[in-house]
Amino acid sequence: MIDQATIDRIMDAAQIYDVVSDFVTLRKRGVNYVGLCPFHDDKTPSFYVSPAKNLCKCFACGKGGNPVHFIMEHEQFSFPDALRYLAKKYGIEIKERELSDEEKAVHTERESLFVVNQFANDYFRHTLRETEEGRNIGMAYFRNRGFRDDIIEKFQLGYCTESHDAFAKEALAKGYQKDYLVKTGLCYETEDHRLRDRFWGRVIFPVHTLSGKVVAFGGRVLAAATKGVKVKYINSPESEIYHKSNELYGIYQAKQAIVKQDRCYMVEGYTDVISMHQSGIENVVASSGTALTTQQIKLIHRFTSNMTVLYDGDAAGIKASLRGIDMLLEEGMNVKVCLLPDGDDPDSFARKHNSTAMRAFLDEHETDFIRFKTNLLLEDAGRDPIKRAELIGNIVQSISVIPEAIVRDVYIKECAQLLHVEDRLLVSEVAKRREKEAEQRAEQRERERKRSLQAQTGSTPEASVEDGTLPPPPEMDAENTPIGTTYTSFIPQEGKEGQEFYQYEQQIIQMIVRYGERVMCNTTDEKGEEHPVTVIEYVMADLQQDDLSFHNPLHRQILAEAAERIHQPEFIAEHYFLNHPDPAIGQLSADLISDRYQLSKYHFKAQKIVTDDERLYELVPLLMINFKFAIIDEELKHTLKALQDPAIANDNEQCTTVMQHYNELRQIQSAMAKRLGDRVVLKL
C-alpha cells in the first residue's frame, strides 16, 4: 500500500499539462490549453486543460479531473497503478506500507505466479516466431485463420511444441520453481513425479488482466500428433491469481475502445474477439465459453452501461444463454442482441466484412433484449395458452430484475402491446416478483448475519431492528412512518438526479468541497461567548435538525469525512477531496471545482460582482432552505400521483394510508414554514 506522504508528493509533482500532452496535442488558448478529447469522437476541440487549477475537462462528454484521474480514465488503471505511473514519470520513489509476514508471503507467491506466467508467455511467443515447428504449424494455423502479423502481436499469440515437456525443461533450467509451474497450471505432475506441459502441441491465447498482466492461457489443439485428444480447447486451471469468473478475454485490448464507443460487444471465443479486432471492431470481449458471471458484468460496467450480445443464430444456444442476459439487466446494463446470418459466427462474419460493413450490420440488426426475448418465446408459444402463460412469467421475471423504475415501466408498456395483455397485469406481476425477491434477499442477509454471529460468539442471539442487526422496513416516509405495502416513498430513493432537490444537494456539496473549512458565521453559546461556525458544521447541524441526509452515497461520504476532519489542523476541503484515494470522490470533486456555479447571476441584483466565498453566510442557508422545501415538494407530487393509480384508489386501505402520508407531509411542510419563517424559494 502506498503511504499518504508518497501520494502527496506525487500529487504535488504531477502537472496536468505535462501528463495530458503525452497523449493529446494541446494548443494554448488564453491561460488554458485545448485539444481533441481522447475519450470520445471529438470533431472540434472541446478538451480543456487548466495549468492554474491542475485540472482537465471535456465540455462535451464531461470527463476529466486531476492528473491521476486522467491517467486512470485514459489507461484504465486503478488508483494505485495510476500513482505508480506518475511516480515513474516524475522519478518519485514509491514508499509502501510495511506488510506483515503473512501478507508478504501471499504477496510474494502472487508476484511469483505472475512472473512465471510472463516467462511462459515470452516462451510461447518466441516458439511461434523463431522455431521451425512454430512457424510451420502454429503460424500456419493463424495465417489460415486470416490473422495479420500485427494482430498476432497485439494479442501476444504463441505456440507450444509437440514435445510433452519442452517448456517444463526450459523453465526449470531458467531457475523457475516446480511448485509455481504447477500452481499456475502451466505444467502438471505425473504419478512418477515428472513435469509435463499442459499445453503441448497447441496454439496459445494468453488471458490478460485489466492492467495487462498475463493471468492464464488458453490452448487449441492442432496437429496430427495430438490425435486422440478429445477436447479442442484447454484452459489454465483456477489458481491464486486466476479465477475464470472474474476475467474476460480481450478486456485489456478493448478497454479504451469500450470507453470511447460507450458500448461493449460480447462474443463467445478467443478467435471471435481477434477477428472482430482485425475488422476494426475493437470494443469486444469474450466470456470464453463460460456462463456469464456477476463479476464479469461488473468489470464491463466500469467502462459502459451498454452491451450488445452477438449470437450465431443457434436457437438452442440462444435460449440457454437467456439467464445470463437477465443478470446483465439486474446489474443495470442496457442490453441489446444481434443475430448473425445463418452459418456465421462472429469470427467468420468479421473475416468477410470490413469495419464499415460490420458496424453498419450491427447498428441495423441489433435489437433490444426484452423485445428480442418476447418475440423469440412467442414463436414457441404459438396459440397454446399454457405456453403463453409461461412466456408471460418469463418476460415478467426479466423485467422485474431491472433496477431502474422508469426503464421497467417502459418495458412493461411495450411488452403488454406485444403480448396483448393489460399493462396493469404486468405491473402487478412485476411488483409481486420484486417483493418476493426483496424478501428472499432480506432472509439471506439475516441467515448470513446469524452465521457470522454464531461463528464469532458460538451462539445465535435474537435479531432486532433497534440494535441495527436487521435492516429497517424498506418503505418508510420522511418521518420513518410505514406507508403501505405497494406504495414506495420517494425520498429514500437514489438515482433521482433530474429532480430539483438533487440539484440543490449537489450545490451544497459543491460549497463543502470548495469552502468547507471556511468560517461563514458565528454562534453564541449559553454563556454569551461567540464561536465560529464553518460551512461543514452549519450543513451538518442543519441536516440533523430535520433528520435528513443526502441522497447520493458519494455526497454522504464527503459530508461524513469533512465533518470528521474539520477540526484537524491544516485541513483544506478542496485539497483533501481532490486528492482523495477513492477515485470516484476525487473525480466528483474535480468536476465540482471545474464547474463552479454562480447563484448570483440567477438570483441576486448587485451593484458590483460579489464572489461566492464573500457571501457564504447568505448562500449556504439559502441552499439548505431550498433543498428541504424541494424534497417536500417532490414527495407531495409523488403522493398525489399515487392517489391517481386505480389500484390504490380502489383499495380503501391503501388509499387511506396514502392520504395519511399526504397529510403528514403537509404538516411537515407547514411546520418547516413556521420554523424557517417566510422565505423566498429560489428556482433553478
Original post:
Only one of GLN557, GLN568 is out of contact with any Leu (no Cβ under 9 Å at 6 or more places or on another chain), assigned to a loop (DSSP other than H, G, I, E, B) and open to solvent by 50 Å² or more (accessible area, probe 1.4 Å); which?
Top reply: GLN568
Original post:
Is there a residue in the range 350-363 that is out of contact with any helix residue (DSSP H, G or I) (no Cβ under 8 Å at 6 or more places or on another chain), surrounded by 13 or more Cβ atoms within 10 Å (Cβ to Cβ) and within 30 Å of HIS420 (Cα to Cα)?
Top reply: yes
Original post:
Which residues, counting only those in the range 257-293, are in contact with a Cys (Cβ under 7 Å, 6 or more places away or on another chain) and either open to solvent by 10 Å² or more (accessible area, probe 1.4 Å) or at pLDDT below 90 (or both)?
Top reply: ILE258
**OP:** Could you please give the count of residues in the range 276-301 that are assigned to a helix (DSSP H, G or I), closer than 17 Å to MET358 by Cβ and touching a strand residue (DSSP E or B) at 6+ places or on another chain (Cβ under 9 Å)?
**Re:** 2
Original post:
Hey, among MET476, MET540, which residue is modelled with pLDDT of 85 or more and either of a type in the set (S, T, N, Q) or within 31 Å of the chain's Cα centre (by Cα) (or both)?
Top reply: MET540
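Quick grid of which residues meet (1) at pLDDT below 85; (2) more than 23 Å from the chain's Cα centre (by Cα); (3) among the aliphatic types (A, V, I, L, M):
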| position | (1), (2), (3) |
| --- | --- |
| ILE399 | no, no, yes |
| GLU404 | yes, no, no |
| ILE412 | no, yes, yes |
| LEU419 | yes, yes, yes |
| LYS436 | yes, yes, no |
| GLU439 | yes, yes, no |
| ALA442 | yes, yes, yes |
**OP:** Could you give me the residue pairs with C-beta distances under 8 Å whose first residue belongs to the range 642-668 and is at pLDDT below 80, whose second residue is among the basic types (Lys, Arg) wherever it lies, and which are 6+ apart or on separate chains?
**Re:** PRO646/ARG424; ALA647/ARG424
Subject >> Given (1) more than 35 Å from the chain's Cα centre (by Cα); (2) surrounded by 21 or more Cβ atoms within 10 Å (Cβ to Cβ); (3) of a type in the set (Val, Ile, Thr), index of the condition VAL214 fails >> reply: (1)
**OP:** Tell me, please, whether a residue that is of a type in the set (A, V, I, L, M), loosely packed, with under 14 Cβ neighbours inside 10 Å and without any contact (Cβ under 8 Å) to a residue 24 or more places away in the chain can be found in the range 388-404.
**Re:** yes
**OP:** Give the range 524-554 a look and list any residue that's assigned to a helix (DSSP H, G or I), open to solvent by 30 Å² or more (accessible area, probe 1.4 Å) and closer than 20 Å to ILE668 by Cβ, or say none.
**Re:** ALA541, GLN544, GLN545
**OP:** Please enumerate the residues belonging to the range 189-206 that are open to solvent by 10 Å² or more (accessible area, probe 1.4 Å), among the hydrophobic types (A, V, I, L, M, F, W, C) and within 37 Å of the chain's Cα centre (by Cα).
**Re:** none
Subject >> Failed criterion for VAL229 (all others in (1) at pLDDT 80 or above; (2) over 16 Å from the mean Cα position of the chain (by Cα); (3) farther than 24 Å from TYR180 by Cβ; (4) aliphatic (A, V, I, L, M) hold) >> reply: (1)
Original post:
Among the numbered criteria (1) of a type in the set (A, V, I, L, M); (2) farther than 28 Å from CYS264 by Cβ; (3) open to solvent by 20 Å² or more (accessible area, probe 1.4 Å), which single criterion is violated by LEU186?
Top reply: (3)
Original post:
Does ASP409 satisfy being over 20 Å from MET327 (Cα atoms), part of a helix (DSSP H, G or I) and touching a helix residue (DSSP H, G or I) at 6+ places or on another chain (Cβ under 9 Å)?
Top reply: no
**OP:** Within the range 637-657, work out how many residues are open to solvent by 20 Å² or more (accessible area, probe 1.4 Å) and either touching an Asp or Glu at 6+ places or on another chain (Cβ under 8 Å) or assigned to a helix (DSSP H, G or I) (or both).
**Re:** 14
**OP:** Could you list all residues from the range 36-55 that are over 22 Å from ILE258 (Cβ atoms) and either part of a strand (DSSP E or B) or of a type in the set (A, V, I, L, M) (or both)?
**Re:** TYR48, VAL49, SER50, ALA52, LEU55
**OP:** Could you grab the pairs with beta carbons closer than 7 Å, sequence gap of 6+ or different chains, first residue in the range 70-88 and over 12 Å from GLN587 (Cβ atoms) and in contact (Cβ under 8 Å) with a residue 60 or more places away in the chain, second one buried (at least 19 other Cβ atoms within 10 Å of the Cβ) and among the charged types (D, E, K, R)?
**Re:** GLN76/LYS255
Original post:
Wholly within the range 337-400, which helices (runs of 4 or more DSSP H) include no fewer than the required count, namely at least 3 residues that are closer than 26 Å to SER428 by Cα?
Top reply: 369-381, 385-400
**OP:** Consider only pairs whose beta carbons are under 7 Å apart and that are at least six residues apart or on different chains; among these, list those whose first residue lies in the range 611-637 and is within 16 Å of GLN503 (Cβ to Cβ) and at pLDDT 80 or above and whose second residue is of a type in the set (Phe, Trp, Tyr) and open to solvent by 20 Å² or more (accessible area, probe 1.4 Å).
**Re:** VAL620/TYR538
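The values are calculated or read from the model by the stated rules, or taken from the named source; none is laboratory data. Not measured: the values here are computed from a predicted model. Virtual Cβ from ideal backbone geometry, glycine too; neighbours counted across all protein chains shown. In case anyone asks, the SASA skips ligands and DNA or RNA and just uses the protein heavy atoms, side chains included. Shrake-Rupley method; radii C 1.70, N 1.55, O 1.52, S 1.80 Å.
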